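Working notes, beginning with the structure itself.
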Amino acid sequence: FDPRHYLGTHCYGLPKTGPHRLRFLLETVKDLRETLKKKGSTLVVRKGKPEDVVCDLITQLGSVTAVVFHEEVREIL
C-alpha cells in the first residue's frame, strides 16, 4: 500500500482513496491472501513507497531474477 494514494490529488485536493474504496481494497487483499493460502502459497503485503518496498524485498529474498511492474496512468489536464 503506497501512502501517497491516501493523500489529496494534485488538482482538486480530493482523496485518491476514500474510506469505501479502502475498505474494498482491504477486503479484496484479505480474500486473495486466503485463496492463495488454500492453494499452498502466500501474499506479501507491505506499506510504503513501492520504489523502497520492492528494493527491500529484493534484498531480503536475494534470488530475484526479474521484477515486473505497472505504472499508474495519469490523466493530463
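The values are calculated or read from the model by the stated rules, or taken from the named source; none is laboratory data. Worth saying up front: this structure is predicted, and the values here are computed from it rather than measured. Note that we place each Cβ from the backbone using ideal geometry, even for glycine, and neighbour counts take in every protein chain shown. Side chains included, ligands, DNA and RNA excluded: accessible areas come from the protein's heavy atoms. Shrake-Rupley method; radii C 1.70, N 1.55, O 1.52, S 1.80 Å.
Quick look at the numbers
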| item | result |
| --- | --- |
| FRET efficiency, 1/(1 + (r/R0)^6) with R0 25 Å, evaluated for Val67 and Arg4 via beta carbons | 0.80 |
| Nearest-10 value in Å² for the accessible area of Glu71, using the 1.4 Å probe | 140 Å² |
| Sulfur and carbon atoms: percent of accessible area, the chain [1.4 Å] | 59 percent |
| Total formal charge among the other residues, if their Cβ is under 13 angstrom from that of Val29, Lys/Arg +1 and Asp/Glu -1 | +4 |
| Qualifying lysines (Cα of each under 23 Å from Cα of Lys39; at least 8 residues distant if same chain) | Lys30 |
| Difference of contour (0.36 nm per residue) and Cα-Cα distance, Lys16 to Arg33 | 3.7 nm |
| Computed accessible area, Ser63, all protein chains, 1.4 angstrom probe, square angstrom | 100 Å² |
| DSSP loop chymotrypsin sites (Phe, Trp or Tyr not before Pro) with at most 10 other Cβ within 10 Å: longest gap in the chain | 13-68 |
